[in-house]
Amino acid sequence: MLVLYVDDHPLNHSVMKGVMGILKFDLRVANNAFEGLDMIDQNRFDLVLMDLHMPGMDGVEAIRRIRARDDEKAKVPIIVVTADTGHEAKVKSLEAGAQNFMLKPIGIKTMIDTISGVLAAD
């Protein structure tokens with residue numbers, strides 16, 4: 001499974017690489033939303049994990065742009081991965097088109113359950 005992780009913090013990249021390695025997923029990392037959108041143009045991802053708070057363009061806007069595409073890539077499952085505990089962040093993410101929402105730090109069981117649930121519903 002090819003997974004895109006969009007997050008601007010290198011430490012989060014390292015943690016996610018470790019978790020995705022355990023799960024045997026092929027992880028690609030984008031350092032910001034613009035880079036993530038470019039990577040979606042160039043690849044066919046099975047899943048996108050999207051941070052919300054990034055410089056230049058936030059995750060909600062990136063999700064909106066993915067959903068606005070006129071091709072099959074608009075349907076890629078998206079899970080928000082954020083430290084933002086506010087209810088508004090979750091509501092905005094889901095309204096923009098994310099399928100689910102995970103709060104950092106994420107336990108491996110939570111990640112497996114959330115990803116499995118989103119992919120099973122797809």
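Only the coordinates and a few stated rules stand behind these numbers; no lab work does. Just so you know, these numbers come straight off a predicted model, no measurement behind them. We place every Cβ from the backbone using ideal geometry, glycine too, and count neighbours over all the protein chains shown.
Considering only 40, 22, 78, give the residue with the highest GNM mean-square fluctuation for the chain, with springs between Cα atoms whenever their separation is below 10 Å.
22
With helices defined as uninterrupted DSSP H runs, which ones in the chain have an alpha carbon span along their own long axis of at least 18 Å and mean Kyte-Doolittle hydropathy of at least 1.0?
Once both thresholds are applied, what remains is 108-121.
Sort 6, 91, 19 by Cβ crowding within 10 Å, fewest neighbours at the top.
91, 19, 6
Compute a Gaussian network model of the chain, connecting alpha carbons closer than 10 Å, and tell me which residue from 53, 87, 13 fluctuates the most.
Evaluated over the chain, the most mobile residue of the options is 87.
With r as the distance between the Cβ atoms of residue 64 and residue 26 and R0 = 35 Å, compute the FRET efficiency 1/(1 + (r/R0)^6) and round to 0.05.
Computed FRET efficiency for residue 26 and residue 64: 0.85.
With a ≥ b ≥ c the root eigenvalues of the C-alpha gyration tensor of region 62-122, is it rounded (a/c under 1.5), prolate (a/b larger than b/c) or oblate?
oblate
Skipping prolines and chain starts, which residues have an amide H placed within reach, meaning under 5 Å, of the one on residue 54, given they are 5 or more residues away or on another chain?
Hits under the 5 Å cutoff: 59.
For region 21-76, which trypsin sites (Lys or Arg not before Pro) pass both filters: DSSP loop (anything but H, G, I, E, B) and at most 14 other C-beta atoms within 10 Å?
Counting only loop positions with at most 14 other Cβ atoms within 10 Å, the trypsin sites (Lys or Arg not before Pro) in region 21-76 are 24, 44, 69.
Which residues' amide hydrogens lie under 5 Å from the amide hydrogen of residue 28, considering only partners 5 or more residues apart or on another chain, with H built in the peptide plane?
3, 4, 5
Taking neighbour Cβ counts within 10 Å as the exposure measure, how do 88, 35 sort from fewest upward?
88, 35
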